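S.K.: Just passing along the structure, written as structure tokens.
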Amino acid sequence: MLNDTNKQKLEELRKRYPTSQALVLPVLWMVQEQEGYISEDAMKSVAAMLNVPFGHIIGVVTFYTMFHSKPIGKHHIEVCTNVSCMLRGCEKIVGHLEHKLGITLGQTSKDGNWTLSEAECLGSCGTAPMFTIGDQYHENLTTQKVDEILERLK
């Protein structure tokens, strides 16, 4: 399941980590970076590879929002909906995105270009409302600014 490069990385990591269970997060990151998401088959493979219970792997993947158990769009928009963003209008931004993209929170567009997700705090309270697309922060959002960002990504 892991490609040769990632297998080699895993063997190097085994030397640095005290237990197989300590390798769960790094290996899941490798799988997600390699495949784009972590399928149930991949979870089973990681469990077997690390000799960790399958239930533990499922628990980790479903607990952390950074892991995806199904394919996501080419552009993953994560809108902060925590208190600061809520007070500064994130619901207007969410509504605008849903209308523009034709999807609701938690969905991926039929063409596979967009996934729209809700995020808890993304640590940018002073520049709310905000969202991330991949690892890029977009802050002090207005509907006009959202339109400009989306247009650049088409």
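We did not get these values from a lab; they are worked out from the coordinates using the rules stated. Every value quoted in this text rests on a predicted model; they were computed, and no experiment measured them. In this analysis, Cβ positions are derived from the backbone assuming ideal geometry, glycine residues included, and neighbour counts consider all displayed protein chains.
S.K.: Give me, ordered by chain and number, the residues 5 or more places off ILE38 or on other chains with an amide H under 5 Å from its own placed amide H.
M.R.: Sorted by chain and number, the residues that satisfy this are HIS68, SER69, LYS70.
S.K.: In addition: On a 0 to 90 degree scale, rounded to 10, what angle separates helix 90-101 from the longest Cα axis of the chain?
M.R.: 80
S.K.: Right, here's the next one. Calculate how steeply helix 4-16 sits against the longest principal axis of the alpha-carbon atoms of the chain, using the helix alpha-carbon long axis, and give the answer as 0 to 90 degrees to the nearest 10.
M.R.: 70
S.K.: Let me ask something else about it. For the chain, list the cysteines whose Cβ sits under 4.7 Å from no other cysteine Cβ?
M.R.: CYS121, CYS125
S.K.: Any lysines with Cα under 19 Å of the LYS92 Cα? List them, leaving off those in the same chain fewer than 8 positions away.
M.R.: Hits, sequence-local ones excluded: LYS100, LYS145.
S.K.: When you count, for each residue, the other Cβ atoms within 10 Å and take the mean per peptide, how do 12-18, 105-111 rank with the highest first?
M.R.: Listed from highest to lowest mean packing, they are 105-111, 12-18.
S.K.: Grab the alpha carbons of region 75-153, take their convex hull, and tell me the volume per residue in Å³.
M.R.: Convex hull volume per residue, Cα atoms: 75 Å³.
S.K.: First measure r as the distance between the Cβ atoms of LYS154 and VAL83, then evaluate 1/(1 + (r/R0)^6) with R0 = 30 Å and state the FRET efficiency to the nearest 0.05.
M.R.: Step by step, r from the Cβ atoms, then E = 0.40.
S.K.: So, one more: GLN107 to LYS15: FRET efficiency via 1/(1 + (r/R0)^6), r the Cβ-Cβ distance, R0 35 Å, to the nearest 0.05?
M.R.: The pair GLN107/LYS15 has a calculated efficiency of 0.25.
S.K.: Using only Cα atoms, tell me the angle between helix 143-153 and the longest principal axis of the chain; keep it within 0 to 90° and round to the nearest 10.
M.R.: Once rounded, the angle reads 50 degrees.
S.K.: Something else about it: Rounded, prolate or oblate, given the Cα gyration tensor of region 35-112, with a/c below 1.5 counting as rounded?
M.R.: In terms of gyration-tensor shape, oblate.
S.K.: Taking the Cα-to-Cβ direction at GLU139 and at GLU40 and moving 7 Å from each Cα, how far apart do the two end points lie in nm?
M.R.: Output for this residue pair reads 4.2 nm.
S.K.: For the chain, take the convex hull of the Cα atoms, compute a quarter of its surface area, and give me that in nm², please.
M.R.: One quarter of the hull surface, i.e. the mean projection, equals 10.3 nm².
S.K.: Given the pairs LYS9/LYS44; LYS9/LYS154; LYS44/LYS70; LYS7/LYS44, which are separated by over 23 angstrom at their Cα positions?
M.R.: The pairs that break the limit, which is 23 Å between Cα atoms, are LYS9/LYS154.
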